[in-house]
Every structure is written in structure tokens, then in C-alpha cells.
Amino acid sequence: MQQPVSAPTKLDGPLAELLARVAPPPEAQSALEGCTRVPEAVDRLAAGGFLLEAAKLTAHALPKREAVWWACMCARHTAPLDVLPLAELCAAAETWVRKQTDESRRAAFEMAQTLGLDTPEAWAAVGAFWAGDSMAPLGQPKVPPAPHLTGTAIAGSVNLAAVRGDPLRRDARLARFLDSARDIAAGGAGRLPAGG
């Protein structure tokens, strides 16, 4: 009997290493028993009610470009409609997604620092900055960011977006965010309607 072929996904990576970054609580470990792939682990965590851990795993498992895009989609979903600087900051991070240059990632980071590091949009921009090859100022010797830093920034961004305005909506939003990430991992845009 032939094994079913899994649909291609960008949501992948060394599961044990990624789970170490997430540090799921002991009660989530039983939900993960026998998991060998990231998509299965994300689904099991979500089904077990561990939506925050599922989102963290997703943030670390997606490629950096897709992870930054996902954070932007989540941030736009819960952003107040009348705050133009947040939209501009999100647009700066999205510019890096579309054109991964040193200039675009540094511009996004500079804008995040100027506006403050207390919004989902800011952490999406920080994720873009940490996806580059150096955290050092221009003209200084390169200081490569640790490989997990983008995932950490994206996990923070997504969590902030999930609780923005109404923390009681966190789980429902995280479930929608995970659907968005699955779409992105399959090659889609992962767009979410505004005002969520």
C-alpha cells in the first residue's frame, strides 16, 4: 500500500530543534507524541488548545521572508484603522519581503525604533532586520544575528496582534492566524480581512 504524499509546504524544519525554541509546557508534550513534521505538530498543538505554542512554532518554522509577511498579515488584521504610522511601518516590513535588500531592512528597523517597539508592526520590522546578515551599524564589522532571532520577533509580533484591543479574542485570532500561515506555507498570500 502506497503512503499518502503530503502537500508541499514551507512550514518545515528540524522539529526537535524548533520545539526547543518554543519550549512548550509539559502538558503540550503529550499532544506532540509521535510527531515527526512541523505541520503535524502545529495542528496537534492547535487542536489541543495550545494555540500560542502553535503560533510560536509556526513563527520559527516558516522561512524568514514568509514569517515576516505572516506577521504583517496578522498585524494588519487587528490594526486600528485610523493609525497611519502603524500602516506605514507594516508597509516598510512588507517592502523588505518584496525586495530583500540591506537598505529595506534597515529602513524598516529604523522606523520601528523611531515609532517604538511596542506594536506588532514594530516586531515584524525587527524580524525583517534580524533576517539580514548583520546587526551592526553600516560601516562596522558584520555581527550576524542568531538564526532564531527572526522567529522570536515574529512570535512576539503575532502574539501582540492577537491580544491587541481585546485580549479575550486571542485564541480566536490565533486560530485565524494559523490558517493564514498555512496558506502562506502552501504558496498563498495569507491575507486576513482588516478589523479582526
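Which of rounded, prolate or oblate describes segment 41-133 when judged by the alpha-carbon gyration tensor and an a/c cut-off of 1.5?
Judged from the Cα gyration tensor, segment 41-133 comes out oblate (a/c at least 1.5, b/c at or above a/b).
Of all the Cα-Cα pairs you can form in the chain, what percent are over 29 Å apart?
Tail of P(r) above 29 Å: 21 percent of Cα pairs.
Gap in Å between the Cα centre of segment 113-150 and the Cα centre of segment 156-188?
22
If you filter segment 1-107 for trypsin sites (Lys or Arg not before Pro), then keep DSSP loop positions with at most 14 other Cβ within 10 Å, what is left?
Loop-located and lightly packed - Lys99.
Taking R0 as 41 Å, what's the FRET efficiency between Thr9 and Val83 from their Cβ-Cβ distance, rounded to 0.05? List each step's numbers first, then the result.
On the way: r = 34 Å, r/R0 = 0.82.
Efficiency at R0 = 41 Å is approximately 0.75.
Output the relative contact order of the chain, whole-number percent, from Cα pairs under 8 angstrom with separation of 6+ residues. Display every interim value, and only then the final one.
On the way: 304 pairs, mean separation 50.4, N = 196.
RCO, the chain: 26 percent.
Run the paramagnetic zone check for Lys99: 7 angstrom along Cα to Cβ, then residues of segment 105-134 with backbone nitrogen under 13 Å.
Within reach of a label on Lys99, which here means backbone N under 13 Å from a point 7 Å along Cα→Cβ, segment 105-134 contributes 105-108.
At a Cα cut-off below 26 Å, give the lysines reachable from Lys10, other chains included and same-chain residues fewer than 8 away excluded.
Partners within reach: Lys56, Lys64, Lys99.
Determine the calculated [θ] at 222 nm for the chain from helices alone, applying -39500 (n - 2.57) to every DSSP H run no shorter than 4 residues and normalising by the residue count; nearest 500 deg cm²/dmol.
Calculated from helices alone, the mean residue ellipticity at 222 nm is -19000 deg cm²/dmol.
Name the most mobile residue of Leu15, Leu160, Leu81, meaning the one with the largest mean-square fluctuation, in a Gaussian network model of the chain with Cα contacts below 10 Å.
Most flexible of the set in this elastic network: Leu81.
Which one, Gln100, Pro39, Pro63, is farthest towards the positive end of the dipole of the chain when Lys and Arg carry +1 and Asp and Glu -1 on their Cβ?
Result: Gln100.
Here, each number is a calculation from the coordinates, and none is a lab measurement. Fair warning: this is a prediction, and the values are worked out from it, not measured in the lab. Positions of Cβ are backbone-derived with ideal geometry, glycine not excepted, and every protein chain shown enters the neighbour counts.
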